[in-house]
Amino acid sequence: MATLTNSSPPYDTLLTGGDLIDGTGHRAYKADLAIKGERIAAIGDLKNVRVREAIDITGQCVAPGFIDTHTHDDQACMSVVHMEPKVSQGVTTVVVGNCGVSLAPLDLPATLPEPINLLGSRFDFRYKNFRSYFDAVASSNPSTNVVALIGHSSLRVAAMQDVDRVAQPGEIDTMVQMVDEAMKAGASGLSSGVFYPIGSAADNSEIIPLVQKTAEHGGIYASHMRNEHDDVIDAMDEVFEAARRGGSPLLISHHKCAGARNWGRSRETLELLDSVRKSQDVSVDMYPYDAASSVLDPELIDEATPVLITWSTPHPEVSGRYLSEIAQEWDCSNSDAARKVCPAGACYFFMSEDDIERIIQHPSAMIGSDGLPMDQHPHPRLWGTFPRVIRKYALERGLFSIEEAIRKMTSLPAHRFDLHDRGTLRQGNYADLVVFDPATIADRATYENPKQTAAGVNFVFVNGGLSWENNTRTSTNYGLLLRHE
Ligand code: ZN
Ligand code: CU
């Protein structure tokens, strides 16, 4: 790194000699890029400009910072403010509040219902409304930008005495008001997780009024659908209806066809998606791995699906081990062992690579890590998702160009979440940037050893501030809370 010492240089940082991948899907091209303050100030041949700091990145690529569309960083963005698992991959914006679970509006009792416990401990749930949650995020100085969804299950816990039934009209009114408050405070949409017990009693008569209120404020509806196994088509129809009648764009979360007997059915689901996309604004997100990860549900255990324990309250010593090994050691069935280690988290190896490849190529498919930052032995997607899309699916498997991989991780989600001045390399946009070496970029996190930074991610800028340099985080955080307007 060379430091030039001219007086009052017009630019703060200059990246010279790199290949620019602008996020739109267009071919990479050679140009210099200058940053001033929080913004991209100029792009072009900038050899002779005055600058505070010039970085020669010949041979490397510059892309917009990655937008992680599906996270559970609601608490982590405040308590683990450096967010190393994300920044180290080149992620500069995270979307929190997915799968129906958000920290606000909740003020919770001693025992946290699953899957709300994925987000943190009960002491973290003290945000009675979105305004107070947003104030806390904004003042916590996170290292990435934060976009937030309202979790439908959290609304249920806040508004209902008994979540085992569909909400009554008065409770729906309360939830609608909560959505209104959250959207006015700057939330970007609503998420549901009717797959999980605390959301599953809800049907569309409860959800549609909430989607309607979200749509009034221009927000989106994201859903962890009721079923990703045998009944995936019915589950898709349910969310299509909610979004259509509620009037909002739809985002199907972590789309998959789970369970060996459903392998290959992404042909069917994507065909349905394409036909619905003719009349409705629908997209999907996904993570590039064949194992899912969530709370451990003994009901989902069969003897055929390998299951890796990611945390366990009664048996923390088993995290990082396979359930079948534990069952063998304890001389019991897999499901008995699962019951013994609960409450716990797990990775379920129940997807086929063939479906992953088909879904990731879909033009609407964005990338969401779904990483669980509080897990003791997390799924590797927490640390590896974005470099893995480039290394494995673009460069090794050749499913699409590197430019298309970048589009899926930048301009596509920026458009989906109305981030108007992010997601592309354009003069005047915020300088959320990742500089990587295409020859070496790769995920290093594995199921055995998941807490590993990626290779080849050399510099990351968040709002113009250098946040990651040569495999080390810098000492200052530059992330912003991004309120939807
Ligand atoms: Zn989910
Ligand atoms: Cu999720």
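Structure values in brief
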item: Search result, residues across the range 222-272 that are within 16 Å of ligand 2 (Cβ to nearest atom) and open to solvent by 30 Å² or more (accessible area, probe 1.4 Å); result: R226, N227
item: Selection count where residues are within 16 Å of S153 (Cβ to Cβ), touching an Asp or Glu at 6+ places or on another chain (Cβ under 8 Å) and crowded, with 19+ Cβ neighbours inside 10 Å, scope the range 204-221; result: 0
item: The one condition in (1) modelled with pLDDT under 95; (2) of a type outside the set (G, A, S); (3) away from ligand 1 (no atom under 16 Å from the Cβ) that L270 fails to fulfil; result: (1)
item: Candidate set: the range 52-84, residues that are under 12 Å from the mean Cα position of the chain (by Cα) and more than 16 Å from ligand 1 (Cβ to nearest atom); chosen: the one nearest to N129 (Cα to Cα); result: I67
item: Pick from the range 182-203, criterion surrounded by fewer than 17 Cβ atoms within 10 Å (Cβ to Cβ) and not in a loop (DSSP other than H, G, I, E, B), ranking: farthest from ligand 2 (Cβ to nearest atom); result: K184
item: Long-range neighbours under 9 Å by Cβ, at least six apart or interchain, first residue among the charged types (D, E, K, R) within the range 268-297, second open to solvent by less than 10 Å² (accessible area, probe 1.4 Å) and part of a helix (DSSP H, G or I); result: E268/V232; D281/A243; D285/P413; D290/D355; D290/I356; D297/A338
item: Unique match (being within 16 Å of ligand 1 (Cβ to nearest atom) and either of a type in the set (S, T, N, Q) or over 30 Å from P288 (Cβ atoms) (or both)) among S205, S188, S154, S248; result: S154
item: Scope the range 362-377; condition buried (at least 24 other Cβ atoms within 10 Å of the Cβ), at pLDDT 95 or above and either of a type outside the set (A, V, I, L, M) or closer than 19 Å to D437 by Cα (or both); matching residues; result: G368, S369, D370, G371
item: Whichever residue in the range 139-181 is β-branched (V, I, T) and assigned to a loop (DSSP other than H, G, I, E, B) and, among such residues, is nearest to the chain's Cα centre (by Cα); result: T144
item: Residue in the range 471-479 that is in a strand (DSSP E or B), at negative phi and basic (K, R) present; result: yes
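A quick yes/no check of all residues on (1) away from ligand 1 (no atom under 16 Å from the Cβ); (2) among the charged types (D, E, K, R); (3) farther than 28 Å from G97 by Cβ; (4) in contact with a Leu (Cβ under 6 Å, 6 or more places away or on another chain):
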site	(1), (2), (3), (4)
D297	no, yes, no, no
V318	yes, no, yes, no
A327	yes, no, yes, no
C332	yes, no, yes, no
A346	no, no, no, yes
F349	yes, no, no, no
S352	yes, no, yes, no
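The values are calculated or read from the model by the stated rules, or taken from the named source; none is laboratory data. It should be emphasised that the depicted structure is a prediction, and the values quoted were computed from it without experimental measurement. Note that we place each Cβ from the backbone using ideal geometry, even for glycine, and neighbour counts take in every protein chain shown. Heavy atoms of the whole protein, side chains included, go into the accessibility calculation; ligands, DNA and RNA do not. Shrake-Rupley method; radii C 1.70, N 1.55, O 1.52, S 1.80 Å.
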